[in-house]
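Accompanying notes for the structure given below.
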Amino acid sequence: MPQIFHPSLNTLSRLSIFGGAFAALGLLAISYMLVGSPYQTQVGIIHDQPVQFSHEHHVGGLGIDCRYCHTSVEISAVSGVPPTYTCMSCHSQIWSESPMLQPVRDSLKNDTPIAWAKVHDLPDFVYFHHGIHIQKGIGCVSCHGRIDQMPLTFKDKPLTMEWCLECHRHPEKYIRPYEEIFNMEWKPPGGDQLTLGRKLIEDNHIPVDRLTNCSVCHR
Amino acid sequence: MRPWFPLMTACLAVLSTGCRQDMYDQPRYEPQEASKFFTDGKSDRPILPSVVHRPDPKTEPRDELYDHYNLGIVDGEPAETFPFPIDRTVLDRGRQRYQIYCTPCHGERGDGQGMIVKRGFSPPPPFYGERPPTGKSPAATIYADLREAPVGHFFEVITKGHGAMYSYASRIGVRDRWSIIAYVRALQLSRYATESELPQQDRDQLSKVSR
């Protein structure tokens, strides 16, 4: 029987088998990187907003508390973007002629909402609640980064399931005293976060073993 | 490999992202989401004018205290007294809320020199002492010195606003408004407290500082 394949093809077949395996692995790696990449998670991306609102000016510069605008953050699931009326409680007089604030004035006059682009948006099958995190001692900065230094708001953390779980497994690495929740610059006294964290977990009765149950976030 | 295999994989991939989007963005409104159904574009619906408030039996008194607690009014006049006892926890809460909502304009000490005033907002009157004659206030001045104003007046100012000051009713709950007023009263007192009125601990502190 004549040989169908020439012996030199042996190398080729080996190459293609290995090549195929590597290609498959490579594809997996690339897709994994894509899922975690800023392109997919939108970390650091600035959205077009109807008004160039700056947290850097209002929080960092003027020292306004988060709760002046995000009123419900301590007690409710959503923190919420402030209504036009809140802006106008100062901008009725401050920069009241500025064209930058024209959309805000129009919004109050015509009773139409300002269409802010959402910066953070969890999928609808995930349940999140601000209130419990604030009450149990997670600071805004742990999840939103240095908002007080952002001229325009962007997402600082990926908000993937992996990221949520990292903290739900080890909250002692992040937890802080209640008075420091809104402090963007807080450092644990003496730099000893773990000891303080473990104590606060005791004090706040946080059921760490239960926090990774699927039904906590998917309900 | 059959020629249609890559094609099918591609189709599957496209289809599966289809399902993915459905679960990511389910056909219900999230809070504050834009609506195509309502003509004003809001999915959060405003309260209708005909809605009647029913007191919450857990937090609001129902009886004769109702007007006192919710409106700051007793017998048609601004209330002179607080509708519930003021203790340390109420004062602490009041201080916290004051520092969030009032300091930007009225200042930490209540002197009316907050950060926003420094940036050009019309200066509010100080909470103690004669108010300065200047000011472009469009609102009527009733009390020459706000120490004479009854607590019901403060309640009305926070709830409805006053001249250049907007209403804070949607941001500060009724109990918190009373707590803030209690703290403002403490600020007023503190400006005129004499050394002999201080507790021993504070007097020691004071003598240490002045030495």
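The values are calculated or read from the model by the stated rules, or taken from the named source; none is laboratory data. Keep in mind that what you see is a predicted model, and the values were worked out from it rather than measured. Every residue, glycine as well, gets a Cβ built from its backbone with ideal geometry; the counts of neighbours run over all protein chains shown. Areas reflect the complete protein model, heavy atoms only, side chains present, ligands, DNA and RNA absent. Shrake-Rupley method; radii C 1.70, N 1.55, O 1.52, S 1.80 Å.
Cβ-Cβ under 9 Å, sequence separation 6+ or interchain: first residue in region A:165-191 and more than 27 Å from residue A:126 (Cα to Cα), partner exposed (fewer than 13 other Cβ atoms within 10 Å of the Cβ) and not polar (S, T, N, Q). Which pairs?
Partner pairs satisfying both residue conditions: A:188/A:194.
Based on what the data block shows, is residue A:160 surrounded by 18 or more Cβ atoms within 10 Å (Cβ to Cβ) and of a type in the set (S, T, N, Q)?
no
Pick from region A:43-71 the residues that are at the interface with another protein chain (Cβ under 9 Å from one of its Cβ atoms) and over 19 Å from residue A:145 (Cβ atoms): which of them is surrounded by the fewest Cβ atoms within 10 Å (Cβ to Cβ)?
If we take residues in region A:43-71 being at the interface with another protein chain (Cβ under 9 Å from one of its Cβ atoms) and over 19 Å from residue A:145 (Cβ atoms), then A:62 is surrounded by the fewest Cβ atoms within 10 Å (Cβ to Cβ).
Hey, residue A:79 hits all of (1) closer than 14 Å to residue A:107 by Cβ; (2) in contact (Cβ under 8 Å) with a residue 40 or more places away in the chain; (3) within 11 Å of another protein chain (Cβ to nearest Cβ) but one; which does it fall short on?
Every condition holds for residue A:79 apart from (1).
Out of the residues in region B:25-77 meeting the condition of being away from every other protein chain (no Cβ under 14 Å), open to solvent by 80 Å² or more (accessible area, probe 1.4 Å) and touching a Gly at 6+ places or on another chain (Cβ under 9 Å), tell me which one is nearest to residue A:117 (Cα to Cα).
B:71
Does residue B:95 meet the test of being open to solvent by 60 Å² or more (accessible area, probe 1.4 Å), in contact with a helix residue (DSSP H, G or I) (Cβ under 6 Å, 6 or more places away or on another chain) and part of a helix (DSSP H, G or I)?
Yes; evaluated as a whole, the condition is true for this residue.
Checking residue A:101 against (1) within 30 Å of residue A:137 (Cβ to Cβ); (2) more than 7 Å from chain B (Cβ to nearest Cβ); (3) open to solvent by less than 30 Å² (accessible area, probe 1.4 Å); (4) in a helix (DSSP H, G or I), only one condition comes out false. Which one?
Result: residue A:101 fails condition (1) only.
Determine if region A:21-30 includes at least one residue that is of a type in the set (Gly, Ala, Ser), open to solvent by 30 Å² or more (accessible area, probe 1.4 Å) and facing chain B (nearest Cβ under 9 Å).
no
Would you be able to say whether some residue in region B:188-197 is among the polar types (S, T, N, Q), open to solvent by 20 Å² or more (accessible area, probe 1.4 Å) and either closer than 23 Å to residue A:82 by Cα or within 14 Å of another protein chain (Cβ to nearest Cβ) (or both)?
No, region B:188-197 contains no residue that is among the polar types (S, T, N, Q), open to solvent by 20 Å² or more (accessible area, probe 1.4 Å) and either closer than 23 Å to residue A:82 by Cα or within 14 Å of another protein chain (Cβ to nearest Cβ) (or both).
So, of the residues in region B:129-141 that are open to solvent by 20 Å² or more (accessible area, probe 1.4 Å) and either closer than 23 Å to residue B:190 by Cα or in a helix (DSSP H, G or I) (or both), which turns out to be modelled with the lowest pLDDT?
Among them, the one singled out is B:132.
Conditions: (1) farther than 20 Å from residue B:74 by Cβ; (2) among the polar types (S, T, N, Q); (3) in a helix (DSSP H, G or I); (4) under 12 Å from the mean Cα position of the chain (by Cα). Residue B:201 meets all but one. Number of the miss?
That leaves (4) as the condition not met.
State the number of residues belonging to region A:171-218 that are under 20 Å from residue A:128 (Cα atoms), out of contact with any Pro (no Cβ under 8 Å at 6 or more places or on another chain), surrounded by 13 or more Cβ atoms within 10 Å (Cβ to Cβ) and of a type in the set (A, V, I, L, M, F, W, C).
Adding up the residues that qualify gives 5.
So which of B:116, B:158 is touching a Ser or Thr at 6+ places or on another chain (Cβ under 9 Å), in a helix (DSSP H, G or I) and within 14 Å of another protein chain (Cβ to nearest Cβ)?
Answer to the selection: B:158.
Would a scan of region A:84-92 turn up a residue that is open to solvent by 60 Å² or more (accessible area, probe 1.4 Å) and under 15 Å from the mean Cα position of the chain (by Cα)?
No, because not a single residue in region A:84-92 is open to solvent by 60 Å² or more (accessible area, probe 1.4 Å) and under 15 Å from the mean Cα position of the chain (by Cα).
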